[in-house]
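The values are calculated or read from the model by the stated rules, or taken from the named source; none is laboratory data. A quick note: this is a predicted structure, and the numbers were derived from the prediction, not measured. Glycine gets a Cβ as well: all are built from the backbone with ideal geometry, and neighbour counts include every protein chain shown. We work out accessible area using only protein heavy atoms, side chains counted, and drop any ligands, DNA or RNA first. Shrake-Rupley method; radii C 1.70, N 1.55, O 1.52, S 1.80 Å.
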Amino acid sequence: MSAQTLYLSILASSMTLTESPNPAALASVELVTQYAFDSNVVAKVVAVDEKTFAPSEDPLNNLVFKISFSDKIDGSVLTELKGRLYTGGGVEALEEQHADDFSYITGKLDFYGALDSNYDFFESVNTSYSANDAAAIMTALDAMGALNELGAFRTKEVELAVPASTVTDLTPKEIKNALLDMRDRPRYLVCCEVASLPNIEALAEVMGKINCHVLLDIGNITDWQSAVALTETLSINDHRFWVFWNPNKSRPSTATTVLARKKWRPCVGDYLAQLLIRNAASNAAGIPPIYRPIAGYDFPVSFRDMEKISGLTLDEEAQNALASAGVNVVINERFEGGDRFIYGDALTQYNSKTSALRLINSSEIETYTANVVIGITKKHLLKGMSSFIKDATSECERFLDACVVDDSGKGLLVRSSELGGRYYALSITPRADDPFSKADIKFSRRPQGCARQAFLETTVTK
């Protein structure tokens with residue numbers, strides 16, 4: 001989507017917030033953002049007269065504006081700006097005319113977005129007014145009920161409807177390029193939309209290029225046959241692609257009464273949250289506990305008052321078909337201490353009956369260790385060949401030694417019979433056809449698996 005520009009205009013008898021400038025404005029605030037607004041956003045404007053000295057060339061420097069963008073349904077604040085107006089020219093004019101007074105510059109609304117941070121809600125803010133209109137602006141703010149005295153008990157404000165943004169969906173190519181151009185490489189890509197197969201294919205292409213994972217929620221499907229058929233239609237045979245289905249409904253998380261209706265909601269948001277919380281619990285060596293999949297008893301789905309969609313039966317036939325298709329279903333499971341809604345499996349879309357890569361935690365271990373080895377290797381490139389091999393091998397081995405399973409069963413890599421009982425095998429050697437500038441890296445390891453099934457053999461003896 002392209003940037004949206006909003007214009008807050010202070011007129012002689014009113015205040016407006018529009019998508020085009022108002023030539024009759026006594027003062028204006030131009031706000032440029034890459035975010036989109038729906039029709040449920042309001043802006044609340046408050047002006048406080050601090051009664052401080054204001055120079056003649058900037059007579060409204062004593063006025064502090066606070067502009068809050070809020071959700072008009074629940075009142076939550078989306079973003080907030082606080083500062084003073086300037087006579088025009090933006091932050092460039094401020095830097096040129098007040099280069100020795102940084103506090104003056106930072107006190108202006110124009111300073112928002114000036115540092116070009118990735119987390120700026122507004123890309124730029126430009127204020128303007130004429131010093132000759134200062135008295136008229138004060139009178140207008142007072143008349144419309146936006147002007148407050150410093151320390152006033154009751155705050156007067158003007159509430160304005162924010163124009164809804166016109167949003168144009170990105171093309172698959174734009175999605176792919178936006179993700180590939182990110183400075184911070186994503187580890188997880190999450191999608192809750194299955195209507196556009198080209199978009200899913202674009203995510204899969206990004207997944208292949210940067211070696212990350214795609215988490216797909218197949219949506220509000222009311223029967224398991226359709227869930228299986230849809231997943232098989234995707235036909236993405238890759239261990240980095242995971243599919244989820246939540247055949248349940250629940251009340252909103254903010255519900256305060258049982259009268260709140262139960263509705264379906266996607267589960268990948270909850271899954272991703274638990275995934276990131278788990279990853280944050282890294283050990284002293286900085287290794288996250290990705291050997292533990294987000295599934296089973298220890299990771300319940302915490303939606304409020306969950307219940308299965310009416311008419312749906314997930315019997316043995318259904319669960320076997322879903323597992324065969326690699327669909328991870330949110331199910332209600334009975335345990336000794338009671339029942340819980342859990343992620344009932346930890347399967348990837350890799351089509352194999354015996355490979356470790358059909359398991360989510362093994363898949364994560366594979367991509368994580370590969371990405372770290374690649375990152376270490378890149379760090380040592382453009383050194384002398386002997387130094388590169390020695391330094392890269394040494395650092396990679398230190399990292400991999402920290403990944404092996406300890407006596408308590410915690411760790412990413414286990415002993416492999418194919419590797420002679422070793423946890424991993426790594427070699428970095430000059431390439432035979434060009435030993436001066438190229439090197440080959442060969443890396444083998446056995447990741448931890450996941451206990452999906454257990455078979456009980458029980459006897460009664462005398």
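Couple of notes before you dig in:
- Among 104-115, 31-42, 417-428, the peptide with the highest mean count of other Cβ atoms within 10 Å heads the list, and the full ranking is 104-115, 31-42, 417-428.
- Remark: the Cα gyration tensor places the stretch 99-172 in the oblate category, a/c being 1.5 or greater and a/b not exceeding b/c.
- Centre-to-centre, using Cα atoms only, the stretch 311-328 and the stretch 347-361 are separated by 17 Å.
- Using only the C-alpha atoms, the convex hull of the stretch 1-79 corresponds to 128 Å³ per residue.
- This structure gives log10 I(q)/I(0) by the Debye sum over Cα atoms at q = 0.09, 0.10, 0.12 Å⁻¹, computed directly, and of (i) -0.84, -0.95, -1.10; (ii) -0.73, -0.86, -1.09; (iii) -0.62, -0.79, -1.19 that value is listed as (i).
- Percent RCO, i.e. relative contact order, over the chain, from Cα pairs under 8 Å lying at least 6 residues apart: 10
- Neighbourhood net charge (12 Å Cβ-Cβ; Lys/Arg +1, Asp/Glu -1) for Asn279: +2
- Zero-based 5 Å bins, Cα pair distances in the stretch 181-322, whole percents: 2, 8, 15, 18, 20, 16, 11, 6, 3, 0
- Summing Lys and Arg as +1 and Asp and Glu as -1 over all other residues whose Cβ lies under 10 Å from the Cβ of Leu85 gives a net charge of 0.
- Highest average packing first - 372-380, 256-264, Cβ atoms within 10 Å: 372-380, 256-264
- Inter-centroid distance (Cα atoms) of the stretch 42-63 relative to the stretch 126-146, Å: 9
- Packing around the peptides 125-134, 429-438, 323-332, 453-462, taken as the average count of other Cβ atoms within 10 Å per residue, puts them in this order, highest first: 323-332, 125-134, 429-438, 453-462.
- Under the convention that each Lys and Arg Cβ holds +1 and each Asp and Glu Cβ holds -1, the size of the dipole of the stretch 364-460 around its Cα centre is about 240 debye.
- Computed over the stretch 251-377: relative contact order in percent, which uses C-alpha pairs under 8 Å that are six or more apart: 21
- Percentage relative contact order, the stretch 255-330, counting C-alpha pairs under 8 Å, at least six apart: 22
- Pairwise Cα inverse-distance average, inverted: Kirkwood Rh of the stretch 320-448 (Å): 17.3
- Spatial extent of the stretch 136-230: Rg and Dmax, with the Cα atoms as the point set, Å: 24.1, 69
- Neighbour net charge for Glu333 - beta-carbon separation under 15 angstrom, K R +1, D E -1: -3
- Counted over the stretch 177-226 with a bin width of 10 Å, the fraction of Cα pairs per bin, in whole percents, is 24, 48, 21, 7, 0.
- Accessible surface of the chain [probe 1.4 Å, protein heavy atoms]: carbon and sulfur percent: 50
- Theoretical FRET efficiency, 1/(1+(r/R0)^6), r = Cβ-Cβ of Thr166 and Glu397, R0 56 Å, to 0.05: 0.55
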